Amino acid sequence: MSNTENTKPIFPKGDRTSSNYFTGSAWVKNLVPGDDVLKTVIGNVVFEPGARNNWHRHGGGQILIVTDGLGYYQEKGKPAQLLRPGDVVQVPPALVHWHGAGPAQSFTHIAINPNMQDGVVEWLEPVTEKEYMEAVGG
Ligand code: MN
């Protein structure tokens, strides 16, 4: 169990994410806004227990670096993967997926979105309670 019992989070919590694209409470702190030279957007995302984003895809792909807590990553049609601090996920361009916290622990990752000229994110439908519980083995 990690979750900042003895250490302060590296980044500020940032802004509450939109309930249009997230279930539960999550926050995003923009770290790199993206520009025409590096073409990469980077944010730190904090999910409260049970919080997750909608199904979505990234035209330019995505890299997730887990820094705290316990969470899940699921590609459409595949079993979810449990994620712990130190795990790194490479999400191919256009692949439908979601990520978020486990039911009982918060979860923090850095989200790197390269190739922003190919599209940063396209949001799809929410991960239903049934889909979520199946993913987390509940
Ligand atoms: Mn993603």
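The values are calculated or read from the model by the stated rules, or taken from the named source; none is laboratory data. Because the structure is predicted, anything quoted here is derived from the model rather than measured. Cβ coordinates were reconstructed from backbone atoms using ideal geometry, including for glycine residues, and neighbour counts include every protein chain displayed. Heads up: the accessible areas ignore ligands, DNA and RNA and are worked out on the full protein's heavy atoms, side chains in. Shrake-Rupley method; radii C 1.70, N 1.55, O 1.52, S 1.80 Å.
Evaluate the following for LEU82: is it within 23 Å of PRO49 (Cα to Cα), under 14 Å from the mean Cα position of the chain (by Cα) and hydrophobic (A, V, I, L, M, F, W, C)? For LEU82, the condition - within 23 Å of PRO49 (Cα to Cα), under 14 Å from the mean Cα position of the chain (by Cα) and hydrophobic (A, V, I, L, M, F, W, C) - is met.
With respect to the conditions (1) more than 11 Å from the ligand (Cβ to nearest atom); (2) surrounded by 14 or more Cβ atoms within 10 Å (Cβ to Cβ); (3) modelled with pLDDT of 95 or more, PRO9 lacks only one, and its number is (3). Any chance region 34-43 includes a residue that's of a type outside the set (Phe, Trp, Tyr), within 12 Å of the ligand (Cβ to nearest atom) and closer than 19 Å to TYR132 by Cα? Checked against the condition, which is being of a type outside the set (Phe, Trp, Tyr), within 12 Å of the ligand (Cβ to nearest atom) and closer than 19 Å to TYR132 by Cα, region 34-43 yields no hits at all.
Residues in region 76-95 that are surrounded by 16 or more Cβ atoms within 10 Å (Cβ to Cβ) and near the ligand (Cβ under 10 Å from one of its atoms): VAL89, VAL91.
Of the strands (runs of 3 or more DSSP E) lying entirely inside region 30-137, those carrying at least 1 residues that are touching a helix residue (DSSP H, G or I) at 6+ places or on another chain (Cβ under 7 Å) and modelled with pLDDT of 95 or more are 41-47, 71-75. Do we find a residue being in contact with a strand residue (DSSP E or B) (Cβ under 7 Å, 6 or more places away or on another chain) and open to solvent by 50 Å² or more (accessible area, probe 1.4 Å) anywhere in region 35-47? Looking for residues that are in contact with a strand residue (DSSP E or B) (Cβ under 7 Å, 6 or more places away or on another chain) and open to solvent by 50 Å² or more (accessible area, probe 1.4 Å), one finds none in region 35-47, hence no. Apart from one condition, GLU125 fits all of (1) more than 12 Å from the ligand (Cβ to nearest atom); (2) surrounded by 18 or more Cβ atoms within 10 Å (Cβ to Cβ); (3) in contact (Cβ under 8 Å) with a residue 60 or more places away in the chain; the exception is (2).
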